[in-house]
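Colleague: Once you've had a glance at the structure underneath, I'll fire off some questions.
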Amino acid sequence: STLFPYTTLFRSSIAAVKKGLTLQEQVIVYKESKPKWKQFNTSGFPIFGGPHGYGLMQIDTPPATAKQIWNWRENIAAGIKLLSEKYSIAINYLKTLRKKYHNVTDFTDEQLWKEIFQLYNGGYNWSWRPDDINNPNLKWHWKQIKRENQYGEDAWDLYQDVKNGNPPAGWN
């Protein structure tokens, strides 16, 4: 018995959550949901993660609506939309840099997804820099931004592990 028994209508199985999601979207759900693949805790309340995230995909910016907090399908839809927006931001980042620096190289698929994953959690993953910041005439390249939270790197590693048949505990 829970305080909000109607939430059982919105409980999900791992297979139901994964259905129709790309592997990249599944990676976000796995990383964001604690406990894994769940919208609600054992008391029937939506999973909350700081600073303001709710549910399977920890929707916090923009703030989650009541539907996204209490309905796991709405939460996933909002997360997919957010991930799509982060994809657009990553592509626009490249375009903006190309206008400023004509020698900018394309992201590899790995760089692109690390950027998108990091943007989902907050912040950029890559910067375009010369080998020596004090000498901009040297060769330029993508340099990974060092941060305490390497979410993009961790998500990419998880994506590769699952893709290569080595999913982590609790994946299925």
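The values are calculated or read from the model by the stated rules, or taken from the named source; none is laboratory data. Computed from a predicted model, the values in this text were never measured in an experiment. Note that we place each Cβ from the backbone using ideal geometry, even for glycine, and neighbour counts take in every protein chain shown. Note: areas computed on protein heavy atoms with side chains; ligands, DNA, RNA excluded. Shrake-Rupley method; radii C 1.70, N 1.55, O 1.52, S 1.80 Å.
Colleague: Restricting to the stretch 112-140, name every residue that is assigned to a helix (DSSP H, G or I) and open to solvent by less than 30 Å² (accessible area, probe 1.4 Å).
Modeller: So the first thing to find is which residues in the stretch 112-140 are assigned to a helix (DSSP H, G or I), and the list is 112-121.
Once the filter is applied, which keeps residues that are assigned to a helix (DSSP H, G or I) and open to solvent by less than 30 Å² (accessible area, probe 1.4 Å), the stretch 112-140 yields 112, 114, 115, 116, 117, 118, 119, 120.
Colleague: Here's another thing I want to ask about it. For the stretch 12-50, give me the residue count where each residue is surrounded by 15 or more Cβ atoms within 10 Å (Cβ to Cβ) and on the phi > 0 side of the Ramachandran plot.
Modeller: 2
Colleague: Within the stretch 92-107, track down each residue that is assigned to a helix (DSSP H, G or I) and surrounded by 13 or more Cβ atoms within 10 Å (Cβ to Cβ).
Modeller: Taking the stretch 92-107 as the starting set, the residues that turn out to be assigned to a helix (DSSP H, G or I) are 92-100.
Correct list: 93, 94, 97, 98.
Colleague: Still on this model: In the stretch 16-33, how many are assigned to a helix (DSSP H, G or I), aliphatic (A, V, I, L, M) and farther than 17 Å from residue 165 by Cα?
Modeller: Narrowing the stretch 16-33 to residues assigned to a helix (DSSP H, G or I): 16-18, 23-32.
From what's left, aliphatic (A, V, I, L, M): 16-17, 23, 27-29.
Remaining after also requiring farther than 17 Å from residue 165 by Cα: 16-17, 28-29.
So the count comes out to 4.
Colleague: Also, I was wondering about something else. Of all residues in the stretch 51-66, count the ones that are part of a loop (DSSP other than H, G, I, E, B) and open to solvent by less than 70 Å² (accessible area, probe 1.4 Å). Before the answer, list the steps.
Modeller: Step one: of the stretch 51-66, the residues part of a loop (DSSP other than H, G, I, E, B) are 51-52, 55-58, 60-65.
Those left that are additionally open to solvent by less than 70 Å² (accessible area, probe 1.4 Å): 55-58, 60, 64-65.
Here the count works out to 7.
Colleague: Here's a follow-up. I'd like to know if the stretch 113-122 contains one or more residues that are at pLDDT below 95 and under 18 Å from residue 28 (Cβ atoms).
Modeller: Just the residues of the stretch 113-122 that are at pLDDT below 95, to begin with: 121-122.
With under 18 Å from residue 28 (Cβ atoms) added as a condition, the list becomes 121-122.
Looking through the stretch 113-122, at least one residue is at pLDDT below 95 and under 18 Å from residue 28 (Cβ atoms).
Colleague: Looking only at the stretch 124-140, count how many residues are within 22 Å of the chain's Cα centre (by Cα) and free of Cβ contacts under 8 Å to residues at least 24 places away in the same chain.
Modeller: Number of matching residues: 2.
Colleague: Give the stretch 67-78 a look and list any residue that's surrounded by 23 or more Cβ atoms within 10 Å (Cβ to Cβ) and either without any contact (Cβ under 8 Å) to a residue 12 or more places away in the chain or not hydrophobic (A, V, I, L, M, F, W, C) (or both), or say none. Spell out how you get there, then give the answer.
Modeller: Narrowing the stretch 67-78 to residues surrounded by 23 or more Cβ atoms within 10 Å (Cβ to Cβ): 68, 72, 75-76.
Of everything in the stretch 67-78, those that are surrounded by 23 or more Cβ atoms within 10 Å (Cβ to Cβ) and either without any contact (Cβ under 8 Å) to a residue 12 or more places away in the chain or not hydrophobic (A, V, I, L, M, F, W, C) (or both) turn out to be 68, 75.
Colleague: Considering only the stretch 141-172, state which residues are within 21 Å of residue 59 (Cβ to Cβ), surrounded by 13 or more Cβ atoms within 10 Å (Cβ to Cβ) and without any contact (Cβ under 8 Å) to a residue 40 or more places away in the chain.
Modeller: Hit for the stretch 141-172 is 152, nothing else.
Colleague: Another one. For the stretch 73-91, state whether one or more residues are on the phi < 0 side of the Ramachandran plot and either touching a Lys or Arg at 6+ places or on another chain (Cβ under 8 Å) or part of a loop (DSSP other than H, G, I, E, B) (or both). Show your work before the answer.
Modeller: Let us first name the residues in the stretch 73-91 that are on the phi < 0 side of the Ramachandran plot, namely 73-91.
Checking which are either touching a Lys or Arg at 6+ places or on another chain (Cβ under 8 Å) or part of a loop (DSSP other than H, G, I, E, B) (or both) leaves us with 74.
Yes: one or more hits.
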